[in-house]
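Remarks on the structure that follows.
The values are calculated or read from the model by the stated rules, or taken from the named source; none is laboratory data. The shown structure was predicted, so the numbers you read here are calculated from the model rather than taken from an experiment. No Cβ is skipped: glycine too gets one built from the backbone with ideal geometry, and neighbour counts run over all protein chains shown.
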Amino acid sequence: MSAPAAHQPRPQPDTQPNLQPNLQPNLQPNLQPVSREGAPRRRLHGLHAKFIAVICIAMLVVLALIGVMWQRQTEMQREVLRTSQDAVRTLVSDRLRERGEAQVAQLADLLANPMYYFDLAAIGEASRSVLGQSDVAYVLVYDAEGNVLHDGSGDIPTFGQRMRDPLAERIVAADGPLVSTDADLLDVSMPIRIGDQRLGGVRVGYSLTRMRTEEVAVAERMRSALDEIGSRHLAWIALLLLSLLALFVAVGVILERTLVMPIRALASAARRIEAGDFSAQLPQAAPDDEVGSLVDAFSRMARSIDRHDREMRRMAYTDALTGLDNRLAFREMLDLRLMELRGIGRQIALLFADLDDFKRVNDTLGHDVGDDVLVQCAGRIRSVVERFGGPHAQHARFGGDEFVILLQADHEPGGDVRALAARVAEQLVAELGRPVVAQDRQVFLGTSIGITLFPDDASGATMLMKNGDIAMYQAKLAGKHCYRFYSRAMDQAVSRRVRIEHDLREAWERGELSLCYQPIFRLADRRLVGAEALLRWDHPIHGPVAPSVFIDVAEQSGLIEVIGPEVVRRACVDAMRWRRGGPLHADVFVSINVSARQLRSVDFRERILAALEESGLPAWLMHLELTETAVLADEHQAREILGSLRDHGVRVWLDDFGTGFSGLSHLRRVPVDGVKIDRSFIADMLRDPDDLALTAAIIAMAHSLGMTVVAEGVEKEGQAVLLRDRDCDLAQGYWFGHPLPLDAFLALLDAELPQGMPATSAS
């Protein structure tokens with residue numbers, strides 16, 4: 001999504017709070033006022049005059065010395081003021097830059113999943129959380145072409161507009177963080193990636209206006225204090241030198257110790273604070289004079305900066321929701337751990353855990369419930385790691401519903417870290433498989449865990465985390481709620497899956513995808529009454545691709561939401577073709593498979609009704625097939641959507657019945673017109689009495705609820721006979737007919753029906 005309009009970042013009014021600390025001075029004054037006594041007038045003549053002249057000369061010398069000292073003091077004040085200003089400016093700028101980089105990096109990680117799924121609500125929520133900070137002028141989330149996706153506002157007036165400010169091209173082309181500073185603004189940008197895929201980026205502008213204003217104010221206060229201090233102390237020196245020249249040196253020492261040395265100590269402390277050392281000792285000074293006030297003010301400022309530094313570090317390295325370490329903290333810890341263990345023969349295991357179907361919780365129950373679930377899951381992970389992980393175990397929230405655990409075998413080098421990882425993974429799968437009660441809602445999840453070992457699988461942190469992610473993905477493919485160890489073969493599987501996904505994206509437009517139709521017969525009179533639409537892919541290079549392969553890829557990648565509506569539309573058009581073939585074909589229905597992801601789509605109902613309206617197909621001739629897991633994933637939503645479609649005449653069948661977790665209660669609550677007995681029961685019913693009994697029970701149960709029963713995978717005559725004798729309504733399988741292209745299916749409609757099935761039971 002893009003738009004040609006440009007967007008120029010607009011800094012917001014600076015609302016940076018006053019960061020000056022509020023601490024009480026803890027030192028008492030130690031300087032006493034100097035008393036003055038007037039001398040009586042004396043007549044000046046003779047030697048006395050010479051004495052007076054000498055005194056005058058001495059006074060002139062003293063005045064000259066005072067002038068020299070004044071010049072020296074002034075230069076010193078300017079040097080101290082300049083040094084302090086530079087130190088404060090550098091310190092504040094560096095802290096703001098570090099905070100900005102850490103915050104933008106954290107925001108980029110937080111936006112990875114919402115950007116991948118184009119979840120504008122989640123993107124807006126994350127943007128507004130940062131935009132609400134007082135010194136943030138703007139937040140821009142942009143796609144890979146530099147088009148604005150969100151600016152943190154409610155109506156997103158800049159949505160789709162291209163960034164055309166002077167920094168835009170550099171920011172969009174940058175492979176890493178990019179920081180730019182001008183007089184009034186600090187701009188920090190960070191690309192957003194998932195793996196090697198670049199999704200876009202985020203940039204945050206921090207206003208420097210308040211910081212500059214505070215710098216000027218501090219400088220003015222420091223200059224005023226230094227001027228006042230200099231004047232006062234030079235007056236004391238002059239009085240003391242005029243009274244007694246012998247005390248001149250002593251007064252100079254006092255001046256050096258009470259003024260110059262504290263200020264130089266402050267400058268030294270400022271440089272140490274600039275370097276990140278907040279333990280610098282400040283000079284002792286009287287709190288009620290200017291130097292003491294300066295020391296006290298500097299001390300409070302240093303403590304305030306220290307507090308803010310610790311808070312920013314805590315925010316940068318801690319997950320705000322769960323209290324666990326975040327991705328940044330875990331990565332730094334992992335790098336350090338690998339550096340320590342490299343070359344000493346010890347292994348570590350990285351566990352990459354992802355909650356199963358967590359998105360469904362946010363989509364159906366709301367983000368508040370989702371957050372509560374994440375907090376409870378984090379607590380269970382913490383408990384398992386503390387009990388079974390050993391003293392060196394570390395865990396963190398990697399982002400979204402992903403968690404990482406680092407395990408190290410204790411004691412001697414070569415410890416069995418693989419067994420430790422398997423034991424911890426088993427405990428995690430068990431704990432996270434228990435229901436979670438969040439806000440009076442019972443949520444059933446699970447977790448898929450990928451495990452990779454150092455140094456067996458990888459020697460660097462990046463590859464280690466990549467391998468853990470690959471292994472976790474394989475656990476998802478294995479059925480979820482399990483764990484898998486990384487192997488080299490997984491890389492090939494992932495690469496193959498990526499290639500399939502890439503080729504599948506434009507397969508429909510290239511004409512590589514087509515529909516075949518497997519006939520469905522009524523067992524009572526062996527009449528062809530319908531057909532199941534089956535998607536086929538004829539790859540131009542690799543030839544036919546198994547549906548079990550590319551359908552799964554389409555589900556995982558989200559392509560099913562694009563391909564699925566096209567399948568529905570095409571199936572409706574084809575059904576109208578055979579319906580126009582004659583009155584004998586008018587009642588032949590089409591059955592279409594619908595995935596759980598399609599059912600969760602916001603416009604699923606509208607797309608189904610639109611396909612019926614465009615094709616002219618009567619609604620009662622469309623049968624939607626859904627698996628048990630698709631229906632039970634969100635029973636409330638399924639009941640609403642399917643109920644509305646049934647009100648329009650669409651029939652709903654429950655596919656693969658008997659392999660999931662259904663019960664009579666679910667069948668009563670969810671609007672279902674029929675069930676399809678899974679082929680696994682049909683395959684062994686001739687030799688396995690238990691399968692035959694279960695099949696008969698399913699038929700009887702469904703009929704008692706007023707449902708149609710369809711048997712799939714019928715490949716033998718005996719299976720068809722047994723099913724007919726037990727009052728099964730419909731059947732499909734290779735014995736009745738293979739999936740056929742449309743033209744072949746139309747020819748079948750006019751042909752003689754399959755022969756060979758006896759009219760009576762052959763028990």
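Quick grid of which residues meet (1) out of contact with any Ser or Thr (no Cβ under 9 Å at 6 or more places or on another chain); (2) loosely packed, with under 15 Cβ neighbours inside 10 Å; (3) in the same structural domain as V369 (by TED's automatic domain parsing); (4) over 30 Å from T364 (Cα atoms):
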site: R380; (1), (2), (3), (4): yes, no, yes, no
site: F388; (1), (2), (3), (4): yes, no, yes, yes
site: V404; (1), (2), (3), (4): yes, no, yes, no
site: R418; (1), (2), (3), (4): yes, no, yes, yes
site: A430; (1), (2), (3), (4): yes, yes, yes, no
site: S448; (1), (2), (3), (4): yes, no, yes, no
site: T452; (1), (2), (3), (4): yes, no, yes, yes
- Item | Residue among L350, L334, L328, L321 that alone is within 23 Å of the chain's Cα centre (by Cα), more than 28 Å from S601 (Cα to Cα), assigned to a loop (DSSP other than H, G, I, E, B) and in contact (Cβ under 8 Å) with a residue 40 or more places away in the chain | L321
- Note on the structure: Selection over the range 147-172 where residues are more than 21 Å from A122 (Cβ to Cβ) and either among the basic types (K, R) or in a loop (DSSP other than H, G, I, E, B) (or both) yields a count of 6
- Message: Can you list residue pairs whose Cβ atoms sit under 6 Å apart, with the first residue in the range 97-115 being more than 17 Å from D151 (Cβ to Cβ) and the second being assigned to a helix (DSSP H, G or I)? Count only pairs 6 or more apart in sequence or on different chains.
- Response: R99/M312; A102/A316; D109/R327
- Query: Out of curiosity, is V568 touching a residue at least 12 places away in the same chain (Cβ under 8 Å), in contact with a Ser or Thr (Cβ under 6 Å, 6 or more places away or on another chain) and part of a helix (DSSP H, G or I)?
  - Reply: no
- Mind listing whichever residues of the range 642-654 are surrounded by fewer than 19 Cβ atoms within 10 Å (Cβ to Cβ) and in contact with a Lys or Arg (Cβ under 7 Å, 6 or more places away or on another chain)? S644
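Quick one: is F521 in contact (Cβ under 8 Å) with a residue 60 or more places away in the chain, at negative phi and crowded, with 21+ Cβ neighbours inside 10 Å? Break it down stepwise before answering.
Working: in contact (Cβ under 8 Å) with a residue 60 or more places away in the chain: yes; at negative phi: yes; crowded, with 21+ Cβ neighbours inside 10 Å: yes.
Judged against the criteria, F521 is a match.
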- Residues that are over 14 Å from V436 (Cβ atoms) and in contact with a His (Cβ under 7 Å, 6 or more places away or on another chain), drawn from the range 339-369: none
- Item | Subset of the range 571-603 [among the hydrophobic types (A, V, I, L, M, F, W, C), outside any helix (DSSP H, G or I), in contact (Cβ under 8 Å) with a residue 24 or more places away in the chain and under 19 Å from F745 (Cβ atoms)] | V588, F589, V590, I592
- Task: Look at R484 and say whether it is outside any helix (DSSP H, G or I) and crowded, with 18+ Cβ neighbours inside 10 Å.
- Result: yes
- Message: Among the residues of the range 450-460, are any farther than 18 Å from M333 by Cβ, out of contact with any His (no Cβ under 9 Å at 6 or more places or on another chain) and at pLDDT below 85?
- Response: yes
- Message: When you scan the range 309-329, do you find a residue that is surrounded by 14 or more Cβ atoms within 10 Å (Cβ to Cβ), among the acidic types (D, E) and modelled with pLDDT of 75 or more, even just one?
- Response: yes
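Of the residues E606, E625, E614, E640, only one is assigned to a strand (DSSP E or B) and at pLDDT 80 or above; which? Quick ask: steps written out before the conclusion?
On the way: E606 fails: assigned to a strand (DSSP E or B); E614 fails: assigned to a strand (DSSP E or B); E640 fails: assigned to a strand (DSSP E or B).
Criteria check complete, one pass: E625.
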